[in-house]
Structures are given as C-alpha cells and as structure tokens.
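One structure is given below, encoded as structure tokens.
Values quoted throughout were computed directly from the atomic coordinates according to the rules given, and no laboratory measurement underlies them. Quantities reported herein were computed from a predicted structural model and do not represent experimental measurements. Glycine gets a Cβ as well: all are built from the backbone with ideal geometry, and neighbour counts include every protein chain shown.
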Amino acid sequence: MAAVDVKSPVKKSRGIRLFGHRMPLSAQIGFLIIFINLFLMIFAPVLAPYGEGIVPTDMTKWAPPSAEHWLGTDAIGRDILSQLLYGARLSIGLSLLTTIIAFVIGIITGFTAAIMGRWVDVTLSRFADLILSMPTLIFCLVIITVVMAREQGFVDATGVSNAFFEGMVIVLVIGFLYAVPVFRLARAVSMNIVALEYVEAARLRGENIWWVIRREVLPNAVPPLVAEFGLRFCFTFLLIASLSFLGLGIQPPYQDWGSMVNQNAQAIFIGKPQPLFAAGAIAILTIGVNLVVDWLLSIYSRAHGENA
Amino acid sequence: MSTTATARSFGDQVLDVEDLRIEVHTDAGPGPVLVDNVSLKLRQGEVLGLIGESGAGKSTIGLATMGYSRSGCFITGGKIVFRGKDIRQMNREQRQDLRGHGVAYIAQSAAASFNPALTLYEQICEIALRRGLMKEEEAKADAVRLFKELELPNPESFGERYPHQVSGGQLQRAMAAMAMITKPSILIFDEPTTALDVTTQVEVLASFRKLIREHGTAALYITHDLAVVAQIADRIMVLRHGKMIEVGDATQILQAPREEYTRRLVAERTVANQNLHQERAAENKPILEVTNVVASYRSLTKVINDVSIDIKRGDTLAVVGESGSGKSTLARVVVGLLPRSSGDVRFQGESLPPRLQDRTRDQLRRIQMIYQMPDVALNPRQTLLEIIGRPMEFYFGRSKAEVKVKVAEMLRHIDLPESFINRRPGELSGGQKQRVCIARALAAEPELIICDEVTSALDQLVGEEILRLLNRLQEELGVAYMFITHDLGTVRRIANKVAVMLKGQLVAYGETAKIFNPPFHPYTELLLSSVPEMRADWLDEVLSKRDRKAR
C-alpha cells in the first residue's frame with residue numbers, strides 16, 4: 001500500500017483484492033490464519049524453544065503454562081509449544097501431500113471418464129460408487145491395519161525407516177480414498193466443458209486425449225477444483241488427525257496434532273488444559289481454510305461476466 | 001380481414017415514458033448507460049415495435065415499463081407513467097400489483113420460462129388466483145377461451161398437459177395466454193418468435209396479432225427482425241446503443257427511412273435477394289460425395305435416411321430445413337462425429353472411415369468446421385495466437401516463430417488488427433469471434449468448410465459482413481462450403497446449390513435458381529412463403545393464400 005498508482009485510470013474501490021476480486025473480511029481472516037500456520041510450520045526449528053520430542057532434564061509432568069513452557073508440558077514432560085510447532089509440519093505437510101495425490105488421481109480419471117465416455121466412464125464411475133459405499137474412516141482403519149501387519153517385512157526388504165513407511169501408507173491410502181470425490185467433481189465439471197464446441201473442434205482436429213485434458217479442459221475447470229482443493233485439504237487434515245487420535249496414524253516419537261490430542265486426553269480428567277491446545281490448532285486451521293474456500297466458491301457461483 | 005396497420009384508430013394513452021435513463025452500477029462504480037433519453041407513448045390498442053441489435057437496450061426498456069430492472073441496472077432518470085401514475089414513485093406492493101395485472105411480459109424462450117413440473121393450467125391461472133381476481137373455474141374457463149383464440153389444438157384439455165408435451169410454438173402461445181389471463185392493459189413481447197422455425201413463426205405471429213387486435217390491448221413488440229415487426233406493429237422505434245435513432249409509422253420506417261442506420265437495416269433485407277456467389281470455371285469432379293447415407297443416434301429411428309449430395313471445388317451447398325430435420329446431423333456424419341450406419345462418404349475419391357478416430361490427420365485437415373455460437377467455439381483461456389496457431393503447428397509442424405508470422409497474416413486476412421494476436425476471446429465482440437473461428441478453420445488449409453448456422457447468433461448487419469467475408473475467401477482460395485442454415489435469406493445470398501431436408505430426408509436438391517423458382521416442391525414452397533418480407537401486408541397475404549389452399 002506504500003506506492004499509490006497514480007496512472008491507474010479506474011479508481012478501484014477500497015479493500016484488499018486478489019485476482020481482481022474484492023476480498024471480504026472473512027476471507028482476509030482465513031488467509032491470515034493460513035499464512036500464520038505456514039509460517040510457524042516452516043520456521044518451526046527456529047521458533048520452537050525445545051527440540052522435537054526432547055524431554056527436558058528438569059522433567060515435570062503436566063506443568064502448567066509458565067515462562068519456560070508457554071503452553072505447559074505433557075504427560076512425559078515435553079514442551080507443548082515445541083511439539084505443536086513440529087506437529088504442524090507433519091499435520092499440514094502430510095495433508096498437503098495427500099490432497100495433491102488425491103487431486104492428481106481424481107482429475108486425470110475424472111477428465112478421462114468425461115472425454116472418453118461410454119464404457120470407460122461406466123467402469124470408473126461404478127468403481128467410484130463401490131469405494132464411496134464404504135465409510136471412509138473404517139475403510140482406512142482396515143487397510144492400514146492389514147498393511148501395518150506386514151510392516152517389518154517391507155521395511156527390512158527396502159531399507160526405509162519405519163516412520164517413513166507408516167507415513168507413506170497413510171498418505172497413499174487417504175490419497176486414494178479421497179481421489180474418489182475429486183473424481184466425481186472433476187467428471188461433472190468436465191462433462192459440461194467437454195460438451196462445448198471448442199473441445200469438439202480440438203477432437204475434430206485429431207488432438208490426443210492428453211492434449212485435450214491439459215489445454216482445453218483443465219484451464220476452464222480450475223475455479224471449482226481450487227475450491228474443492230481447500231475443502232478436501234480440511235477433510236484430509238481431520239482424517240489424519242482422527243487416525244492419529246485412534247492410534248493408527250503418526251507413531252511416537254513423532255507427533256502430529258491428532259496424536260497430541262490423543263496422548264494428552266487424560267489430562268482432561270485431572271482438569272488440565274493441555275489437550276485443548278492441539279485441538280484448538282486443528283479447529284482454527286480448519287476454520288481458516290473454510291473461510292477462504294467459501295469465498296472462492298462464492299466467486300465461482302457468481303454470474304459469468306463478472307469473472308472475465 | 002385485411003386491416004392495414006395505419007388505418008386503425010386508438011384509445012386513450014396508457015403508457016407515457018419520458019427521458020428514460022438506465023445505467024449499470026457495480027461495486028467498482030458507475031458502468032455503461034444502457035438506455036439514454038428514450039421517450040415513448042402508447043395508446044390503447046396500439047402496437048409499438050422496438051427494434052435494434054443486441055445491446056440496443058430493447059429488453060431493458062421493456063422490463064422498465066414494469067418497473068423492473070435486471071440486477072446491477074438502475075433506472076436513474078425519467079418518468080414511466082402508467083395510466084396517470086408514475087411507476088418509479090410506486091412502492092413495492094403497488095409495483096407487484098401492476099406486474100401481471102397492468103403490464104404482462106412474454107419472454108423469448110417459453111421452454112425456459114415454464115416450470116416443467118407443473119401443468120400449463122396451474123401456471124397460466126396462477127397469477128389470477130394468487131391475486132384473488134378469479135375463482136379457479138372462472139380462470140380455467142378464461143384459459144380455455146384464450147386457447148381457442150390462440151388456435152391451440154384441443155383447447156378443452158390443452159391446459160392439462162405439461163410443458164414438455166407441447167411443441168415450441170404452442171408453448172409460446174401458452175405463454176401469451178398466461179399473460180392475457182388477467183386482461184392487462186399492456187403486453188410486452190420480448191423476441192417471442194426468435195427461437196421458432198420460420199413455418200411456426202408465421203402461425204404464432206398470426207395468433208398474437210389476432211389476440212392483440214381482438215382485445216384492444218396495447219403492446220410493445222421487441223425484436224431484432226424488422227420484417228417480423230412490420231407485420232404486427234403500428235409504429236416502430238429504432239434503437240441503437242441505448243439511444244433512439246428513429247421513430248415513426250411502420251410504413252414510413254419501411255418505405256422511407258430517414259436515418260442512415262435504419263436505411264442500412266432495411267437495405268440488408270432487400271439486398272438479401274442478390275446472390276453473392278460467382279460461378280467459377282466448372283470442375284466436374286466432386287470433392288465430397290455423400291451417397292445413400294443413413295445414420296441414427298443409438299435408437300432405431302433414422303435421423304437421416306438415404307441422403308445423397310455432392311460438392312465440387314468452389315461450390316457452396318446450402319442445407320436447409322427446420323430444427324430436427326437432420327441437417328446438423330448430416331454435418332456430423334460427414335466429419336465423423338456420428339458414424340454412419342450405411343452408405344458412403346467419399347472425399348477426393350477415397351472413402352472416409354465412418355469414425356473420427358479412424359481417419360488420418362490429413363483427412364481431418366481437409367474438412368473443417370465453423371460453429372453457430374462463436375462464444376463456446378473458442379476456448380476462453382487461450383489467446384488468438386494459440387487458437388489460430390494450433391492447426392498450423394498440428395498439421396504442418398511449423399515452428400513457433402513461423403506460426404506467429406502466419407497468425408498475424410491470417411488476422412489481417414480476416415480484417416482483424418494484428419495487435420489482437422495476444423487477446424483472448426472474452427475481449428472480442430460476437431462478430432470478431434466468428435472471424436477468429438473462420439481463421440482457425442482456414443489455418444488448416446482445408447478444401448471443404450462446414451458452416452453450421454454461422455450467422456444465426458449474430459446481429460443482422462454483422463452476419464452480413466461474415467457472409468461477405470466467407471464469400472471473398474472462397475473467391476481467393478477456392479474452398480468449398482457446406483452451409484447449414486434455416487435462414488432462406490442467407491441461402492439465396494451465398495449458395496449455388498441447395499439441399500432441402502425434411503424429417504431426415506432430402507426433399508429437394510439442385511441449383512439454387514432451380515429450387516427457388518417454380519415449380520416448387522410443396523415443402524420448399526411452404527418454407528419460402530414463411531420467410532417474412534419487408535412490407536406490412538405480407539402476413540395477411542400469406543394467411544389468405546393458405547386459407548384459399550386449405551379450402
């Protein structure tokens with residue numbers, strides 16, 4: 001806001017804008033929350049007063065908030081603030097990775113179904129229905145339990161660390177499951193686009209399907225997909241947290257926000273506020289992302305001319 | 001029967017609009033002025049035609065007479081006096097009372113305006129019942145009477161049907177019945193026949209006129225087609241960019257227009273009878289031969305049945321017919337979007353595979369297509385360089401630098417400035433977009449271009465420019481056109497051969513001059529006689545002719 005654009009012929013109304021759209025206060029708050037979270041996540045090693053998973057020598061269980069431990073300590077005396085900052089890396093990082101995987105799979109299959117039509121569409125859609133007919137959390141639990149049972153064999157064979165293997169299993173399973181709703185959205189959105197004549201013109205020209213997806217369909221399907229990305233990120237984030245809470249997600253010594261809630265849960269019974277910090281962090285980030293998504297969706301649903 | 005428009009007398013003044021001004025206001029501040037200083041008066045029983053291109057402000061004025069403006073638009077000046085009361089001073093309830101009761105509106109697309117889940121009775125009688133003007137039986141009886149007046153089939157049971165069970169023309173008339181049920185003082189017709197076929201348009205137009213005359217209702221008739229408005233209006237107002245260009249008696253506007261713009265509008269229709277197509281050195285070998293082609297969509301009904309046509313180099317073949325006649329399907333079969341079920345399509349002597357996927361790149365290149373709606377035929381996220389350059393790159397493997405030079409050349413060729421090369425379709429007007437579509441087709445250096453209703457989404461004068469451009473390109477490049485259209489004016493203008501289609505079959509086929517001169521095929525004659533002509537007594541003449549024939 002330092003430099004005033006004198007040359008601008010049209011006087012823009014006041015307020016913060018993004019891509020030429022005016023941003024309401026709620027979206028600004030949402031962006032602020034996301035930026036703070038990303039900032040804390042990236043600079044966790046600098047900001048955290050203690051290292052990841054380190055139990056200080058002056059170990060005190062359930063220490064109340066103090067000058068040394070701003071948010072107190074947990075059941076084995078770890079600094080909650082430090083754990084929260086490092087947990088952000090796992091929670092947010094894994095959710096992002098998972099959501100990206102879900103989107104890559106979902107968009108490619110969804111667009112293919114819409115463009116190829118006929119039996120490709122029928123096969124993919126019925127398979128999607130099959131997956132959707134099972135509750136996500138339970139499906140996750142089943143697959144993860146089965147895969148984890150063979151964990152040691154796989155780890156020995158490939159030489160990856162246990163933590164890495166577990167992380168990847170979670171990411172791939174949720175990524176796959178959440179690719180299904182993305183598939184449905186991508187298919188519905190691109191069905192409308194595929195019916196337009198510029199896509200027909202490209203097919204008449206003899207373009208291959210990959211070109212049609214990349215150049216004709218994708219650029220026009222971006223707004224609803226971006227909105228879905230935000231929403232899906234929240235769901236992934238919550239699902240990973242739920243898995244961790246149930247003890248199947250991130251394993252010690254690493255902690256994400258979900259497992260922090262789980263491991264600090266007992267403190268509730270002795271009237272201590274510790275579990276609330278991680279739970280609060282989950283809630284605030286979810287709300288922040290949703291505020292931004294709501295705004296994106298409202299732009300998308302506006303009359304066509306206003307987007308141009 | 002033959003009451004000529006000028007001889008009629010009118011009652012009291014019902015509507016007086018003075019210095020109307022309507023502007024767009026957005027969050028970012030004031031936008032364009034849609035209607036600027038327009039004044040009009042309407043007396044009981046009088047029909048005023050509002051005519052102009054899209055964006056002239058016709059519909060905006062029509063809605064304003066009901067005290068309504070679309071979201072983002074505001075009536076910022078002037079008076080709209082309905083029977084002595086200014087609508088702008090009325091409060092919400094008074095305005096709502098006026099709508100439907102004092103002023104009623106008939107929209108362009110009846111199919112989109114009716115609720116598919118309710119019967120016609122429920123929708124037609126709704127307003128009268130909700131206002132408590134009539135009892136249900138009374139309203140139904142009134143509706144039946146209106147159905148009779150509008151010459152709808154089985155008036156007693158017509159209202160029990162659902163909107164999808166009646167034809168487009170019937171639905172449009174049902175909407176007129178809905179408007180008339182409360183006996184309003186003013187009817188607003190907003191392009192009510194534009195979406196209809198020519199043969200249906202005649203019938204609908206005739207019943208609208210009868211309705212207006214018998215009830216002595218005042219009406220605003222909004223259209224872009226001067227020949228249509230000539231049949232129904234007593235006076236005509238010509239609008240352009242929200243400003244009044246000329247207003248006068250219908251006969252005066254048609255026969256002695258004062259303003260240059262009106263003259264051009266009138267002239268566009270009169271020149272429509274000269275053929276632009278110039279005979280070139282005759283070549284005997286056809287480039288496209290379609291023989292005994294049959295095609296259907298999944299079901300068993302044949303959408304096109306046993307159609308044979310051929311096109312030579314430099315030919316323009318017009319394929320005409322009403323909607324549903326199979327003319328667009330024929331184009332889809334030729335390009336391979338719909339595989340034929342029997343018959344043969346040969347191009348330059350070689351048989352083309354039925355399916356698009358089986359054709360070679362070179363076979364695809366030789367036949368290009370231009371669409372009806374330039375808005376959806378161009379990817380809004382690509383620049384003109386990408387849109388026009390892609391065929392050059394794809395078919396000829398040209399380098400980026402070469403493509404850029406060629407696209408600039410092509411833009412000049414279609415009369416667009418070279419500086420447009422980095423623009424996107426959203427920054428162009430409808431006519432400019434259609435030029436880009438033409439350029440994209442030409443970039444493939446085709447031998448045949450299929451034009452699917454290329455001018456019907458454009459304003460008259462813009463469409464005329466596109467036709468001239470196509471004609472010029474044909475003279476320069478010798479490309480052949482297959483011109484699919486329902487507009488016989490266009491056919492006369494551009495084609496040297498005509499194929500008339502009806503229910504999937506070819507009913508007449510040959511040289512334009514032969515088809516359009518007697519002896520006619522009966523269906524060709526019906527089509528030809530249904531094209532509105534630029535004189536006030538045309539409709540009377542057509543109706544009386546048909547009456548005589550019927551007897």
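Descriptive notes on the structure:
- Residue-averaged 222 nm ellipticity for the protein assembly as shown, from DSSP H runs of 4+ at -39500 (n - 2.57), nearest 500: -15000 deg cm²/dmol
- Positive dipole terminus of the protein assembly as shown, leading residue within B:T182, A:M134, A:A113 (C-beta point charges): B:T182
- Modelled FRET efficiency - R0 56 Å, B:D362 with A:A67, Cβ distances, 0.05 increments: 0.10
- Antiparallel content of DSSP bridges confined to the protein assembly as shown, in %, to 5: 55 percent
- Reachable lysines, given that their alpha-carbon falls under 18 Å from the alpha-carbon of B:K41 and they are not under 8 places away in the same chain: B:K58, B:K79, B:K85, B:K243
- 0 to 90° range, to nearest 10: angle between helix B:430-443 axis and chain B longest Cα axis: 10 degrees
- Distance between modelled label sites at B:D97 and B:S39, nm, 7 Å Cα→Cβ extension: 3.0 nm
- Gyration tensor (alpha-carbon) shape descriptor, the protein assembly as shown, a/c threshold 1.5: prolate
- Cα-based helix-to-principal-axis angle, B:120-130 vs chain B, degrees rounded to 10: 30 degrees
- Counting only DSSP beta bridges whose two residues both lie in region B:169-267, roughly 55 percent are antiparallel.
- Only Lys, Arg, Asp and Glu carry charge here, each on its Cβ (+1 for the first two, -1 for the last two); on that basis chain B has a dipole of about 540 debye about its Cα centre.
- Take the Cα of A:A157, go 7 Å toward its beta carbon, and the backbone nitrogen atoms of region A:166-182 under 20 Å from that spot belong to A:166-173.
- Selected from A:L96, A:L243, A:L141 as most flexible by GNM, with chain A as the system and alpha-carbon contacts under 10 Å: A:L141
- The aspartates and glutamates within cross-link reach of A:K61, meaning a Cα-to-Cα straight distance under 18 Å and a gap of 8 or more places when in the same chain, are A:E52, A:D74, A:D79.
- Under 12 Å of direct C-alpha separation, and excluding same-chain neighbours fewer than eight residues apart, B:K148 reaches these aspartates and glutamates: B:E156.
- Based on C-alpha pairs under 8 angstrom that are at least 6 apart in sequence, region B:154-269 has a relative contact order of 18 percent.
- B:S39 sits among other residues whose Cβ lies under 10 Å from its own Cβ, and their net charge, with Lys and Arg +1 and Asp and Glu -1, is -1.
- Mean Kyte hydropathy of -0.5 or more with a Cα span along the axis of at least 27 Å, helices from DSSP in chain A: A:80-116, A:162-194, A:218-245, A:274-301
- Applying a DSSP loop filter and a limit of 11 other Cβ atoms within 10 Å to the trypsin sites (Lys or Arg not before Pro) in region A:173-203 leaves nothing.
- Look at the dipole of chain B built from charges on Cβ: of B:L528, B:G52, B:G397, the Cα furthest out on the positive end belongs to B:G397.
- Taking Cβ atoms as reference points and 13 Å as the exclusive limit, the residues near B:Q363 contribute a net charge of +3, counting Lys and Arg as +1 and Asp and Glu as -1.
- Positive-end residue, the protein assembly as shown charge dipole about Cα centroid, Cβ charges, pick of A:T73, B:Q432, A:A267: B:Q432
- Tensor-based shape of region B:157-280 (alpha-carbon gyration tensor, a/c under 1.5 rounded, otherwise prolate or oblate): oblate
- Our estimate of slack between B:S544 and B:S109, defined as 0.36 nm per intervening residue step minus the Cα-Cα distance, is 153.7 nm.
- Rounded if a/c under 1.5, otherwise prolate or oblate - chain A, Cα gyration tensor axes: oblate
- The C-alpha atoms of chain B define a longest principal axis, and helix B:260-270 lies at about 60 degrees to it.
- Charge dipole (debye, nearest 20) of the protein assembly as shown; +1 at Cβ of Lys and Arg, -1 at Cβ of Asp and Glu: 420 debye
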